[in-house]
Amino acid sequence: MSLNHEEEPPTPAAPRALPHPRSVPTTLAVIVVILVAAAAIGATAAYYTLRPVPHPSGPGTVTVYDDLGRSVTAPVNAAHIVVLAPSVMDIVYRLGLRSHVVAVGCTVSFPGGILNEYSPNQTALWSLTNSSCITDFPGVNTEAVANATPGLVLATTLTSQGDVSTLTNTYHVPVVILTPSTLAGVIDDVRIVAELFPSAQSTASALESELSRTITQLSSEAANLTAAGVASPSVLLTYYFDSGGYYTYGPGSFGDSMLSLVGGTNVADAVLLQYGEMNATAVLNDQPNVVLYGTSWNDAYLVAGETPSVWSSAPYWSQLTGSHVAVDVTLVSEPDPSMVLALPWIQHALYPSHVPP
């Protein structure tokens, strides 16, 4: 595949949103800060000091190893928790633990407030409002977290090492980092939360089984299609665009592994970075069979307001002759159970004549 331009995404310290999203190039960070959490753990582990959190173990506590290999001791079935990422909130909600959540991370000072980080679908389903927010940009308001008196904080690597250190060492609040690097890692994260909340173990076991079964079925279906001689469609999976091209997933990224599982061929397989921009002319020359593009539910704040109508202004959009399939951007950018459970729908979008909806 041809590739003429690529660039690194912003670091985890980049802003999640700006007042006029489409007018400022750096607003790519609105979605990239989420995508960075899906990068390989080997790249993010060095960002943290791998040391035990200083909390004594004993009756009423449980010790787990999080996604960065940190040993964390926390209260069993903590009554109050703070959740600092939508992907983690997805697990918490699915395990029936919403009543334990006293706050979530988001910055209400930005236009749109909580909609900078949580989609309208998520805020409605999870009963979240601006009053649920604790500021998390440019850093977490650690004092506000402590004032919420949580027994546990669940976060990703978007929460800085310094904020993790302050929460654990100054305020003595245990912090568990959940940053899966693979689809199977999502299942591991469900297990970690279930260890922390034995009360949710039966629900977690059922969810683990459903996720495992979904991944197995997808892999089996892709193998059957290959064995039957069905050609693998070329796919552009994109979550943002600008005048230069399409931001997408290179080899070794979470998005690349998703496409591989469902039997797609990534047109960005020549991108040297896991998260880079593919030149619009290169995309035009490759003519992907399918363009999967992330949309934001007509929300003016999340993902720079990139609704289906806005995507029509993407470079060469009308000249890309393959099928154009809109997908909720959280389902291709947040590594959580919802992402895994949406993959059969994506596989159908790639093979509409062979895989039933």
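Here are the numbers for this structure:
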| item | result |
| --- | --- |
| Subset of the stretch 116-166 (residues that are touching a strand residue (DSSP E or B) at 6+ places or on another chain (Cβ under 8 Å), of a type in the set (Ser, Thr, Tyr) and either closer than 26 Å to Val76 by Cβ or not assigned by TED's automatic domain parsing to the domain that holds Leu178 (or both)) | Ser132, Thr149, Thr156, Thr157, Thr159 |
| Number of positions in the stretch 316-354 that are in a loop (DSSP other than H, G, I, E, B) and at pLDDT below 95 | 3 |
| Count of the stretch 187-204 residues which are assigned to a helix (DSSP H, G or I), touching a residue at least 40 places away in the same chain (Cβ under 8 Å) and more than 21 Å from the chain's Cα centre (by Cα) | 6 |
| Any hit, the stretch 114-122, residues being within 20 Å of Thr330 (Cα to Cα) and free of Cβ contacts under 8 Å to residues at least 24 places away in the same chain | yes |
| Considering residues of the stretch 159-178 that are crowded, with 24+ Cβ neighbours inside 10 Å and over 17 Å from Val102 (Cα atoms) only, the residue farthest from the chain's Cα centre (by Cα) | Val164 |
| Residue within the stretch 93-110 that is among the aromatic types (Phe, Trp, Tyr), modelled with pLDDT of 90 or more and surrounded by fewer than 17 Cβ atoms within 10 Å (Cβ to Cβ) present | no |
| Options Leu207, Leu261, Leu225; residue that is touching a His at 6+ places or on another chain (Cβ under 8 Å), assigned to a helix (DSSP H, G or I) and either surrounded by fewer than 21 Cβ atoms within 10 Å (Cβ to Cβ) or among the hydrophobic types (A, V, I, L, M, F, W, C) (or both) | Leu225 |
| Unique match (being out of contact with any Pro (no Cβ under 7 Å at 6 or more places or on another chain) and not hydroxyl-bearing (Ser, Thr, Tyr)) among Val173, Val164 | Val164 |
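The values are calculated or read from the model by the stated rules, or taken from the named source; none is laboratory data. This one's a predicted model, so the numbers in the text were calculated from it and none came from an experiment. Positions of Cβ are backbone-derived with ideal geometry, glycine not excepted, and every protein chain shown enters the neighbour counts.
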